[in-house]
Amino acid sequence: MTEASASPLIEPGELAALLASHDPPALLDVRWRLGGPPGRELYRVGHLPGAVFTDLDRDLAAPPGAGGRHPVPAAADFQSAMRRVGVFDGRAVIVYDDADSTAAARAWWLLRYFGHPLVRVLDGGFRAWAAAGRPVASGDSPGDAAAEPGDFSARPGHEKLLDAQAAAVLAGTGVLLDARAGERYRGEAEPVDPVAGHIPGALSAPTAENVRPDGTFRSAAELADRFAALGATAGGPVAAYCGSGVTAAHEVLALTLAGIPAALYAGSWSEWITDPSRPVATGPQPGNEHSG
């Protein structure tokens, strides 16, 4: 399957066939949960045979700071991490998490941003694989380093990445989607960041609504209808943000499935609020702006 024809998603049966082929893909376990338990513990209990654990905080983000809680890593750092887990330029990469692909989408987006030609997400994640009766391994082997180091070369700029200023402009000229839970968007609750609310002009579009109860993505037609109702179509500028650029990558993946190109504001809310001069909005509507 070529880059042009490959779906961003892969089903357990197709993945099993690829893993049994003469040129199996690199397989990355990207399980991560905000507030825990640590993904490494989930990996030890059970993972896809041959999968290498990939730590979201360590491997898929720069250290937290002015750029937010999960800034985009430097090219050299990401390249080193991906080589350690066995990613090659000329070999497909499959990423997965527990079920809903929220963490896996972060790896999917970063690999694409840094120029990998073919990366896909296991739809339904580990749960779908296990539910299909596929084999499961346990313990640390191969752990967080592949038996054969990869040769991936990180070349940034292959996906649209916004900074805070560009996100603010797009909120007024296009469609900026806030992928967090509705109560965080409205400013009613903020369990992680010190300021509640949303970027003025942004629309609430919780990424949890992109998937079915079992964690698999809704159909392309369902997703297209959902985003069209928010004004997001292939004909205009669209971008997504969240708390720290993780669930927003999931939103970009859903938009991609719907045929809608979208940019990512990776710094997201956790970066936006580091500058008190940036405005903050609360309530159910895009406006209601006040000073941060």
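The values are calculated or read from the model by the stated rules, or taken from the named source; none is laboratory data. Here the structure is a predicted model, which means the values were calculated and not measured. Positions of Cβ are generated from backbone atoms using ideal geometry, with glycine treated the same way; all protein chains shown enter the neighbour counts.
Values for this structure:
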{"item": "Test set (1) at pLDDT 95 or above; (2) touching a Gly at 6+ places or on another chain (Cβ under 7 Å); (3) not small (Gly, Ala, Ser) - TRP32 fails condition number", "result": "(1)"}
{"item": "The range 152-178: number of residues that are assigned to a loop (DSSP other than H, G, I, E, B) and touching a Cys at 6+ places or on another chain (Cβ under 8 Å)", "result": "0"}
{"item": "Which listed residue, of VAL175, VAL211, is touching a strand residue (DSSP E or B) at 6+ places or on another chain (Cβ under 9 Å) and within 14 Å of PRO286 (Cα to Cα)", "result": "VAL175"}
{"item": "Residue, nearest to MET82 (Cα to Cα), within the range 136-162, restricted to residues that are surrounded by 13 or more Cβ atoms within 10 Å (Cβ to Cβ) and under 17 Å from the mean Cα position of the chain (by Cα)", "result": "PRO156"}
{"item": "Subset of the range 46-72 (residues that are within 24 Å of LEU18 (Cα to Cα) and either more than 15 Å from the chain's Cα centre (by Cα) or among the small types (Gly, Ala, Ser) (or both))", "result": "GLY46, HIS47, LEU48, PRO49, GLY50, ALA51, VAL52, PHE53"}
{"item": "Single unsatisfied condition, ALA171 versus (1) crowded, with 21+ Cβ neighbours inside 10 Å; (2) under 20 Å from the mean Cα position of the chain (by Cα); (3) over 24 Å from PHE53 (Cα atoms)", "result": "(2)"}
{"item": "Pick from the range 73-103, criterion polar (S, T, N, Q) and buried (at least 24 other Cβ atoms within 10 Å of the Cβ), ranking: farthest from the chain's Cα centre (by Cα)", "result": "SER101"}
{"item": "Residue ranges of helices (runs of 4 or more DSSP H) in the range 51-151 with at least 1 members at pLDDT 95 or above and closer than 17 Å to GLY243 by Cα", "result": "56-59, 102-113"}
{"item": "Flag for PHE53 being within 17 Å of ARG33 (Cα to Cα), in contact (Cβ under 8 Å) with a residue 24 or more places away in the chain and buried (at least 20 other Cβ atoms within 10 Å of the Cβ)", "result": "yes"}
{"item": "Residues located in the range 225-273, provided they are on the phi > 0 side of the Ramachandran plot and surrounded by fewer than 24 Cβ atoms within 10 Å (Cβ to Cβ)", "result": "GLY231, GLY259"}
{"item": "Residue match in the range 200-218 (condition: of a type in the set (D, E, K, R) and more than 25 Å from ASP100 (Cβ to Cβ))", "result": "no"}
{"item": "Single residue of ASP23, ASP59, ASP29, ASP55 found to be over 25 Å from VAL195 (Cβ atoms), in contact with a strand residue (DSSP E or B) (Cβ under 6 Å, 6 or more places away or on another chain) and of a type in the set (Asp, Glu)", "result": "ASP29"}
{"item": "Residue in the range 87-100 that is touching a helix residue (DSSP H, G or I) at 6+ places or on another chain (Cβ under 6 Å), of a type in the set (Ser, Thr, Tyr) and farther than 30 Å from PRO276 by Cβ present", "result": "yes"}
{"item": "Matching residues, the range 2-23, being closer than 13 Å to ARG120 by Cα and modelled with pLDDT under 95", "result": "THR2, GLU3, ALA4, SER5, ALA6, SER7"}
